[in-house]
Amino acid sequence: MQAAGRNQVERIGRLVYAQVRGEWLVGEAARLAARSPAPALDLLLARGRALGARCQLLSGLFPDPPADDTDAATAGMIALNEEIHRYLDGAGWP
């Protein structure tokens, strides 16, 4: 039972970390969009905000969010974070 609880806490920790990183990257992307708007960037921002809201909802279900949903949201947020980071790098973000 203790191992199951530890796994659950680790799963939620990964979700929250991905969410916080995503919120920071979305903020950076929003600052870039304010300076130089682009449809692709707007889409990334919308996706980031929507997935961030889903992650926040799941983390709010602590201590017992659905494991499959939590893992899927974490993986999606990590992938989107990487996509936003690549876009920012391509736009000359420091």
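The values are calculated or read from the model by the stated rules, or taken from the named source; none is laboratory data. What you are looking at is a predicted structure, and each value in this text was computed from that prediction instead of being measured. Methodologically, a virtual Cβ is constructed for each residue, glycine included, from the backbone with ideal geometry; neighbour enumeration extends over all protein chains shown. Note: areas computed on protein heavy atoms with side chains; ligands, DNA, RNA excluded. Shrake-Rupley method; radii C 1.70, N 1.55, O 1.52, S 1.80 Å.
Are any of the residues in region 59-74 part of a helix (DSSP H, G or I), open to solvent by 70 Å² or more (accessible area, probe 1.4 Å), within 15 Å of residue 23 (Cα to Cα) and among the β-branched types (Val, Ile, Thr)? No - not one qualifying residue is present in region 59-74.
Matching residues to (1) assigned to a helix (DSSP H, G or I); (2) open to solvent by 100 Å² or more (accessible area, probe 1.4 Å); (3) of a type in the set (Gly, Ala, Ser):
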residue	(1), (2), (3)
21	yes, no, no
33	yes, no, yes
37	no, yes, no
57	yes, yes, no
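Screening residue 44 on (1) surrounded by 11 or more Cβ atoms within 10 Å (Cβ to Cβ); (2) at pLDDT below 90 shows it passes everything except condition (2). Restricted to region 1-19, and to residues that are farther than 22 Å from residue 86 by Cβ and of a type in the set (S, T, N, Q), which residue is least open to solvent (accessible area, probe 1.4 Å)? So the residue we want is 8.
Assess whether residue 79 counts as being among the aliphatic types (A, V, I, L, M), more than 11 Å from the chain's Cα centre (by Cα) and part of a helix (DSSP H, G or I). Before the answer, list the steps.
Working: among the aliphatic types (A, V, I, L, M): yes; more than 11 Å from the chain's Cα centre (by Cα): no; part of a helix (DSSP H, G or I): yes.
So residue 79 fails the test.
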